[in-house]
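Here the structure comes first, spelled out in structure tokens, and everything after it is commentary.
The values are calculated or read from the model by the stated rules, or taken from the named source; none is laboratory data. The shown structure was predicted, so the numbers you read here are calculated from the model rather than taken from an experiment. In this analysis, Cβ positions are derived from the backbone assuming ideal geometry, glycine residues included, and neighbour counts consider all displayed protein chains. SASA here: full protein model, heavy atoms, side chains in, ligands and nucleic acids out. Shrake-Rupley method; radii C 1.70, N 1.55, O 1.52, S 1.80 Å.
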Amino acid sequence: MRKTLPAGTMQPGDSLSNMNPNPDAALRHVVIVGGGSAGWLTAAVIAAEHQTSAADGLRITLLEAPGIPPIGVGEGTWPSMRDTLRRIGLSETELVRRCDACFKQGSRFNGWRDGSDADHYHHPFSLPVGHGDADLVGTWQARHAHQPFADLVSHQPALCARGLAPKQPGTPEYAAVANYGYHFDAGKFGVLLREHCLAKRGVQHVQDEFVAVQSHANGDIAALQTRDHGAIAGDLFIDCTGLRSLLLGEHFQVPFISQRHVLFNDRALALQVPYPVEDSPIASQTVATAQRDGWIWDIGLPTRRGVGHVYSSAHCSDDAAEAALQRYVQASGGPRNLAAARPLRFEPGYRARFWHRNCVAVGLAAGFIEPLEASALALAEMSAAFIAAQLPATRSSMDAVADQFNEAFAYRWERVIDFLKLHYVLTQRNDSDYWRDHVRPASVPERLQALLQLWQHRPPSRHDLPRIEEVFPSASYHYVLYGMGFKPQGGGSRRQAPFEGAEHAFREAATLAARMAPALPSHRGLIQHIQRHGLPRI
């Protein structure tokens with residue numbers, strides 16, 4: 001436990017003007033504690049919005065303890081990351097070259113429905129053709145129920161099956177032929193963001209460990225006492241200290257709301273797996289393969305694969321999880337002599353509040369569930385964007401912004417939990433207590449139970465997810481719901497729309513796949529081109 005010092009306990013040369021902050025003074029200094037993807041991405045987004053390189057602009061200081069190694073496994077993003085990186089001024093070519101990055105067009109789920117050899121479905125990033133305009137679900141159920149839903153309504157599963165890239169060599173940076181996010185090395189991504197923030201965004205970097213929190217009389221954080229750099233005073237403190245949550249959790253004691261009763265996974269084993277040959281194909285989607293007591297992620301990067309087993313310690317021993325992971329690696333072309341996997345432990349859940357007084361948590365410090373559907377970085381992006389757009393002008397306006405932030409992100413965390421649970425609750429697997437427990441009504445959130453009842457009679461729609469910035473759009477619910485074999489009553493729609501509109505959409509999706517396939521390079525081919533020649537910049 002780090003100490004809390006009374007206000008005024010400063011190193012020589014540092015001072016605070018008041019025992020309490022002036023409520024009407026302008027917010028001039030943001031202090032971010034913790035680096036990594038969340039810390040440096042937050043710094044970059046705020047700096048880009050507020051011109052910190054200007055002499056009279058907002059100051060941003062990132063305090064980072066030296067010697068903390070990154071996890072270093074592959075990480076996936078949503079397509080929103082493209083716009084985020086473009087807005088902060090980072091080159092997509094540099095991302096590919098520096099971060100062992102490539103393109104992600106969605107996810108493929110193997111074995112989640114019933115565990116049979118033929119059991120798989122896709123969750124592509126492209127919207128279904130005709131989504132919201134035609135009765136896709138009703139027509140699919142009535143005329144094409146033998147065909148996987150995603151394969152019928154989207155061109156993207158066919159592109160992924162052929163190992164194709166989502167763009168051409170001449171496509172400009174951040175532009176797409178098919179919608180995409182990224183796979184990259186998370187450790188290298190943090191390093192690139194750090195260099196970008198320091199060189200181009202005016203962010204100040206302090207490498208030191210903070211040893212105590214210094215508080216104002218009203219309970220606000222006044223400064224962070226460091227081991228070697230004295231006290232760092234600030235107006236707003238952003239906690240990016242990971243699962244430790246040193247400010248929001250440890251200092252402020254904001255309660256943690258466990259979700260272990262809904263989503264059981266609390267451990268992971270991570271490996272870096274070399275390709276059998278240097279020019280092996282690169283998968284352009286995350287592959288999630290169900291196991292007896294969890295699931296295995298498989299993320300293709302240009303130089304290796306990031307593979308890991310996420311599991312529930314209440315259902316599976318560490319040794320059994322390691323054995324299952326090694327079997328998967330060998331069965332998927334990996335070597336037999338890999339070192340033991342790196343263990344990771346986490347408590348699934350999130351903080352009761354994310355912004356308390358003059359401290360806001362971003363990334364793992366706010367919460368973590370499991371790496372399914374890359375929700376962690378998506379929430380970090382959204383948090384950084386919210387803070388940058390709604391940055392309080394003064395301390396007196398901060399509480400109102402904090403209330404808005406807390407309401408918005410409590411809603412988003414609840415929707416993340418609903419969506420991730422959707423992947424489990426429809427399973428027909430009966431081979432272990434893990435899967436049987438996931439379908440027990442006591443483990444299913446009430447809102448999700450109500451939606452599943454509603455979706456018996458109509459597909460998910462924007463009315464079920466009414467926020468402008470939902471973490472997962474209604475189309476994502478379609479892909480998972482029908483990929484998992486959900487059978488709505490009466491075709492799932494009461495609309496009297498004719499079949500012709502949906503049939504036209506199905507033909508258009510097939511036409512798009514047929515037209516794109518010969519025009520797109522292989523995924524590895526595009527990465528090699530970018531590494532040698534780069535992408536055009538607009």
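Listing for the model above:
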item: Scope segment 292-315; condition touching a helix residue (DSSP H, G or I) at 6+ places or on another chain (Cβ under 9 Å), over 17 Å from L344 (Cα atoms) and part of a strand (DSSP E or B); matching residues; result: G300, R305
item: Residue match in segment 347-370 (condition: without any contact (Cβ under 8 Å) to a residue 12 or more places away in the chain and in contact with a Lys or Arg (Cβ under 7 Å, 6 or more places away or on another chain)); result: no
item: Yes/no for S397 being within 19 Å of R108 (Cα to Cα) and either open to solvent by 30 Å² or more (accessible area, probe 1.4 Å) or of a type outside the set (F, W, Y) (or both); result: no
item: Residue within segment 257-275 that is part of a helix (DSSP H, G or I) and either more than 23 Å from Y121 (Cβ to Cβ) or not hydrophobic (A, V, I, L, M, F, W, C) (or both) present; result: no
item: Helices (runs of 4 or more DSSP H) within segment 420-538 that include 1 or more residues closer than 28 Å to A158 by Cα; result: 474-483, 499-516, 523-533
item: Only listed residue being out of contact with any Cys (no Cβ under 7 Å at 6 or more places or on another chain), within 28 Å of Q105 (Cα to Cα), modelled with pLDDT of 95 or more and open to solvent by less than 60 Å² (accessible area, probe 1.4 Å), chosen from A514, A509; result: A509
item: Matching residues, segment 296-336, being open to solvent by 20 Å² or more (accessible area, probe 1.4 Å), among the hydroxyl-bearing types (S, T, Y) and touching a residue at least 12 places away in the same chain (Cβ under 8 Å); result: T303, S313, Y328, S332
item: Subset of segment 116-155 (residues that are hydrophobic (A, V, I, L, M, F, W, C), buried (at least 19 other Cβ atoms within 10 Å of the Cβ) and under 28 Å from R292 (Cβ atoms)); result: F149, A150
item: From R86, R108, R113, residue being charged (D, E, K, R), over 19 Å from the mean Cα position of the chain (by Cα) and open to solvent by 10 Å² or more (accessible area, probe 1.4 Å); result: R113
item: Segment 276-285, residues that are of a type outside the set (S, T, N, Q) and in contact (Cβ under 8 Å) with a residue 40 or more places away in the chain; result: P276, D279, P281, I282, A283
item: Matching residues, segment 10-37, being part of a loop (DSSP other than H, G, I, E, B), crowded, with 17+ Cβ neighbours inside 10 Å and modelled with pLDDT of 90 or more; result: L27, G34, G35
item: Selection within segment 409-424 - surrounded by 17 or more Cβ atoms within 10 Å (Cβ to Cβ) and either out of contact with any Pro (no Cβ under 9 Å at 6 or more places or on another chain) or free of Cβ contacts under 8 Å to residues at least 24 places away in the same chain (or both); result: F409, R412, W413, R415, V416, F419, L420, L422, H423, Y424
item: Top-ranked residue of segment 443-461 - restricted to ones that are of a type in the set (D, E, K, R) and surrounded by 13 or more Cβ atoms within 10 Å (Cβ to Cβ), ranked as modelled with the highest pLDDT; result: R447
item: Lone unmet requirement of (1) in a loop (DSSP other than H, G, I, E, B); (2) modelled with pLDDT of 95 or more; (3) open to solvent by 20 Å² or more (accessible area, probe 1.4 Å); (4) of a type in the set (A, V, I, L, M) for A340; result: (2)
item: Any chance D235 is among the charged types (D, E, K, R), open to solvent by less than 20 Å² (accessible area, probe 1.4 Å) and touching a residue at least 60 places away in the same chain (Cβ under 8 Å); result: no
item: Lone qualifier among Y350, Y328 - being among the aromatic types (F, W, Y) and farther than 29 Å from V273 by Cβ; result: Y350
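For (1) modelled with pLDDT of 95 or more; (2) open to solvent by 10 Å² or more (accessible area, probe 1.4 Å), each residue gets a yes or a no:
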position: N406; (1), (2): yes, yes
position: L426; (1), (2): yes, yes
position: N430; (1), (2): yes, yes
position: H438; (1), (2): yes, no
position: P441; (1), (2): yes, yes
position: I468; (1), (2): no, yes
position: A475; (1), (2): yes, no
position: K487; (1), (2): no, yes
